[in-house]
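The values are calculated or read from the model by the stated rules, or taken from the named source; none is laboratory data. The shown structure was predicted, so the numbers you read here are calculated from the model rather than taken from an experiment. Don't worry about glycine lacking a Cβ; one is built from the backbone with ideal geometry, like all the others, and counts go over all protein chains shown.
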Amino acid sequence: MRLERPVILAIIALVAVAAAASGYYGYEMWKEKQPLQVGKGAFAELYYIGYLENGSIFDSSFVDANITIDTPFNASNYTLSSFRLYVEDDSPSEYPDGWNAGNYNVIEGLWKGIIGMKESDEKTLTIPPEKAYGMPVETGITFLSDFTDIEQKFFITAVNLTDVTLDLKWIPELGEKFTMPMYWSGGYLSNPYWVLENATEVISFNETNATIKTTPNKLDSLTLYPFWEGYTTASFNDTTISLITTPEIGSDFSYYGYTYIVENVTDDKINISITYENETYYQEVNKTLTFDRTFNITRMFDKIPGDYLQEDLNNGGYSFNELAGKTLYYKIKLNHIYKV
């Protein structure tokens, strides 16, 4: 029997597809049997000995044991505690069975150093400071921080390790514009420059102070009082700014059990009633607030808690950790890789 050409071609194509499918299946079976390797996004458990260049051990998986850097990871002779880590910069969205939600991120040089390892592999890692705990926080360091509510550049003038605080000096730039925060160097600013966003500019500075000038860039629908959102307008001349707030008569808001009602608005006052439980009393608020466009602020910030600055310092490559500035060595044994 002679087969037509289209039939022959169809048979050839079918055989090719079957062969490819068989090959793919065989590859998948082969791949399943291969030992797992650590990749980004993996979870892993390992034993480790962390030590410095002089051989002194700063941490290890050995529990209550006197060891050296050459001590083998032998669970029959020692009590060993596995260390868990997540192989990625950010936090995981899900966890392996038996793992609690938490932060398993470690220093960059450690999690990156185990990529490609298989279970039972042993390895020694050399991790420079920039991949470990960064450089130590010291006088003379310049870094960016937003602890004032705006990101600015600061210079460390003193490090107080007893109470872990820093003395800082703000490094302004001429022409720099920002939204002035409510608080500056530990003090509350009585004039509400913060109502005008990105309208305050550095016009000069000396060693200890900076001169700031605010030029309103929006005149309507401002918010001076948060309970009258958008009811403030601005006007200004060469020297002063005026904010005029005109809430609607009868408007009310509640705060911690107190009820505030706008009873009347005159040319210069806002009359408010305040009721708490069964008592009511009255208060006047200035309708117009006028203040100078130009003012001086200090460049000096004393005794800022290190906790406020830790993330910003870390981003700049600095740390309060006692291992900051040191090259770290890790002898490790990979115990288990988890799939998620």
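Quick notes
- Test set (1) surrounded by 14 or more Cβ atoms within 10 Å (Cβ to Cβ); (2) modelled with pLDDT of 95 or more - LEU189 fails condition number: (2)
- Hey, TYR48 modelled with pLDDT of 90 or more, of a type in the set (Phe, Trp, Tyr) and under 25 Å from LEU323 (Cβ atoms) or not: yes
- Complete set of residues in the stretch 273-286 that are assigned to a loop (DSSP other than H, G, I, E, B) and of a type in the set (Asp, Glu): GLU277
- In the set PHE58, PHE62, only one residue is surrounded by fewer than 15 Cβ atoms within 10 Å (Cβ to Cβ), in the same structural domain as ILE332 (by TED's automatic domain parsing), modelled with pLDDT of 95 or more and among the aromatic types (Phe, Trp, Tyr); that residue is PHE58.
- Filter result for THR148 (buried (at least 17 other Cβ atoms within 10 Å of the Cβ), in a loop (DSSP other than H, G, I, E, B) and of a type in the set (S, T, N, Q)): yes
- Candidates GLY113, GLY109 - the one that is of a type outside the set (A, V, I, L, M), touching a Pro at 6+ places or on another chain (Cβ under 9 Å), crowded, with 17+ Cβ neighbours inside 10 Å and in the same structural domain as PHE83 (by TED's automatic domain parsing): GLY109
- Of GLU130, GLU53, GLU94, all but one fail to be more than 27 Å from GLY317 (Cα to Cα), in contact (Cβ under 8 Å) with a residue 60 or more places away in the chain, charged (D, E, K, R) and not assigned by TED's automatic domain parsing to the domain that holds ASN160; the exception is GLU94.
- The residues of the stretch 288-305 that are surrounded by fewer than 17 Cβ atoms within 10 Å (Cβ to Cβ) and touching an Asp or Glu at 6+ places or on another chain (Cβ under 9 Å), listed by number, are THR288, MET300, ASP302, LYS303, PRO305.
- Looking only at residues of the stretch 306-340 that are surrounded by fewer than 17 Cβ atoms within 10 Å (Cβ to Cβ) and part of a strand (DSSP E or B), we find that the one that is modelled with the highest pLDDT is HIS336.
- Condition met for LYS269 (closer than 30 Å to ASN217 by Cβ, over 38 Å from the mean Cα position of the chain (by Cα) and buried (at least 16 other Cβ atoms within 10 Å of the Cβ)): no
- Candidates VAL164, VAL106, VAL159, filtered to the one that is more than 17 Å from the chain's Cα centre (by Cα) and at pLDDT below 95: VAL164
- ILE69 vs. criteria β-branched (Val, Ile, Thr), touching a residue at least 24 places away in the same chain (Cβ under 8 Å), at negative phi and crowded, with 19+ Cβ neighbours inside 10 Å: no
- Members of the stretch 195-224 that are free of Cβ contacts under 8 Å to residues at least 40 places away in the same chain and either more than 30 Å from the chain's Cα centre (by Cα) or closer than 20 Å to ILE270 by Cα (or both): SER204, ASN206, PRO216, ASN217, LYS218, LEU219, ASP220, SER221, LEU222, THR223
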